[in-house]
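To start, the structure under review is shown below, and the notes come after it.
What follows is calculated from the coordinates using simple rules that are stated; it is not laboratory data. Model, not experiment: these values are computed from the prediction. Every residue, glycine among them, receives a Cβ derived from its backbone with ideal geometry; neighbour counts consider all protein chains shown.
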Amino acid sequence: MTFSIGQYGLAAPVVLAPMAGVTNAPFRALCRRFAPGLVYVNEMVMATPVVHGNAKTHSMITFGDDEHPRSLQLYGSDPQIMGEAVHLLCDAGRVDHIDLNFGCPAAKVTRRGGGAAVPARPELLRAVLRSAISAAAPYGVPVTAKFRMGLFDDWLTHLRTGEVCAEEGVASVAMHARTVEQHYSGEARWEAIGELKEHLTDLGSTIPVLGNGDVWEAHDAVRMMEQTGCDGVVIGRGCLGRPWLFGDLIDALNGREVRPSRRLGEVLEVMVDHARMLVEHLGENHAMRDFRKHTGWYMSGYPVGPEVRRRFSMTATLGELEDIVADVLDAVGPDTSIVEGGERIKRGHTNGPTKVALPDGWLDGQTRDSLATDFAVPDDGHVLAMSGG
Ligand SMILES: Cc1cc2nc3c(=O)[nH]c(=O)nc-3n(C[C@H](O)[C@H](O)[C@H](O)COP(=O)(O)O)c2cc1C
C-alpha cells in the first residue's frame with residue numbers, strides 16, 4: 001500500500017492527530033518505536049507567539065533527531081500572521097510539514113471567530129490557507145488542513161471547506177466527523193467523511209482525504225476506509241495509553257494479523273518507559289504532574305482497582321511510579337488481560353454537546369455554499385494554550 005503526504009511516503013495511511021498536551025516529542029518517539037514511517041503531528045502551537053518569538057511556544061516545537069517528517073500543527077486565523085509564522089519556521093529549517101487547525105471547538109476561540117468558526121467564512125479560510133501555502137512553497141514544505149463537519153447540523157461546511165482546501169493546494173485534508181456543537185459527544189459520523197471524499201473526487205481533486213473520529217482499534221481503521229472510501233486515517237484518543245496501536249494499524253492496513261491486546265505487564269513496562277522519556281524532556285517535577293493523566297489512560301480497561309488508580313493519579317516522582325507498578329504486579333500479575341471491550345473505553349475528551357459561540361453576525365450573509373465576500377480578521381491575541389480539536 002503506498003500513501004504519501006506531499007513528498008513523504010508512509011508505511012501505512014496513518015497519521016497521529018495533533019493533541020495539545022499529549023503529542024510532544026517523547027510521546028511521538030514512543031509511538032515511532034512501535035511504528036516507524038508514519039506521520040506524527042506535534043501538539044498545536046499558535047501562529048502569533050511564533051511570530052513574536054515567545055520562548056514557551058518555541059520550546060514546544062521540539063523534534064527528535066531521527067524524526068522525519070517533522071510535523072507541526074499551527075493555529076491562527078489572521079492570514080498575515082499565519083504567513084509570517086510559516087515563513088519563519090520554514091526559513092529556520094525547523095519543520096518538514098505544517099498542518100493547519102480549523103477544527104478547534106473551544107468556545108473562547110470560536111466566540112472570536114477563530115478555530116472551527118473560520119470555515120463558516122470561506123473567504124477567510126481561503127486567505128489563511130493561501131498565505132500559509134505560499135509561505136511554505138519555496139521551501140517545499142507541504143501544508144495540510146484539519147477541520148470538523150461544520151458548526152451544527154444546520155450549518156455543515158465540510159464540502160465547501162474541502163473544496164477551498166483543494167483549490168488552494170493543500171497536500172491533504174483531515175476531517176473529524178463531528179460538528180462543533182457535538183464537541184466529543186455521540187459517535188463520529190463517518191458518512192460525512194464519505195461525502196467529502198466523493199465531493200472532492202467529483203470535482204476532479206485527487207488530494208488524500210483522511211478520516212478522523214472514533215478509531216479505537218486497528219480494525220476500526222480498516223472499516224472506516226472501506227465504508228467511506230477515504231484514503232487514510234487520523235488517530236487521536238485511540239492511542240492514549242496505547243502507543244502500540246500504530247504498529248497494529250500498519251499490520252491491519254497491510255492485511256496482516258493484528259496482535260491481541262497487550263497484557264498488563266507489557267502495558268506497565270511501556271508506561272514506565274514513557275514516564276522516563278517525559279522526565280528527560282520536561283524535568284521530573286513537571287513531567288510527573290503531566291504524566292498523571294497518562295496513567296489513567298494506560299490503566300483503562302485493566303482490572304487494577306480504584307486504589308491503584310488513585311495512587312497513580314497522585315504520583316510525584318518516577319520512583320513512586322515504579323513502586324506502584326511493583327505493587328500492582330505483585331497483586332494481580334503481569335498476565336492480567338484487558339476486560340472485554342476495554343480498548344473502546346472513551347478517554348481523553350468525552351464532553352459535549354455544547355452551545356456554539358460565535359461573534360455577533362458571524363453567519364450573516366453566509367450560507368454553507370456561498371463564497372462569501374468580505375471578511376474580518378478575528379483576534380487571536382487572547383488565545384493561550386488550549387486543547388484545539
Ligand atoms: C487531549 C486532546 C487534545 C486535542 N488537541 C487538538 C489540537 O491541538 N489540534 C487539533 O486539531 N485537534 C486536537 N484534538 C482533537 C483530535 O486531534 C481529534 O480530532 C479528535 O480527538 C477526534 O479523533 P479521535 O476520535 O481519534 O480522538 C485533541 C483531542 C484531545 C483528546
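Points worth noting:
- For region 277-285, the count of residues that are without any contact (Cβ under 8 Å) to a residue 40 or more places away in the chain and part of a loop (DSSP other than H, G, I, E, B) is at least one.
- Flag if Leu151 is within 21 Å of the chain's Cα centre (by Cα) and either farther than 20 Å from Gly229 by Cβ or acidic (Asp, Glu) (or both): yes
- Every residue from region 141-194 that is touching a Ser or Thr at 6+ places or on another chain (Cβ under 6 Å), outside any strand (DSSP E or B) and among the aromatic types (Phe, Trp, Tyr): Phe152, Tyr184, Trp190
- Tally, over region 4-37, of residues that are touching a helix residue (DSSP H, G or I) at 6+ places or on another chain (Cβ under 9 Å) and part of a helix (DSSP H, G or I): 9
- Given (1) surrounded by fewer than 18 Cβ atoms within 10 Å (Cβ to Cβ); (2) in contact (Cβ under 8 Å) with a residue 40 or more places away in the chain, index of the condition Gly305 fails: (2)
Per-residue answers, yes or no, for (1) touching a residue at least 60 places away in the same chain (Cβ under 8 Å); (2) crowded, with 21+ Cβ neighbours inside 10 Å:
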residue: Asp202; (1), (2): no, no
residue: Ser205; (1), (2): no, no
residue: Ala218; (1), (2): no, yes
residue: Arg223; (1), (2): no, no
residue: Gln227; (1), (2): no, no
residue: Gly232; (1), (2): yes, yes
residue: Cys239; (1), (2): yes, yes
residue: Arg242; (1), (2): yes, yes
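- Test: Thr206 is assigned to a loop (DSSP other than H, G, I, E, B) and over 16 Å from the mean Cα position of the chain (by Cα): yes
- The number of residues in region 101-139 that are outside any helix (DSSP H, G or I) and touching a residue at least 60 places away in the same chain (Cβ under 8 Å) comes to 10.
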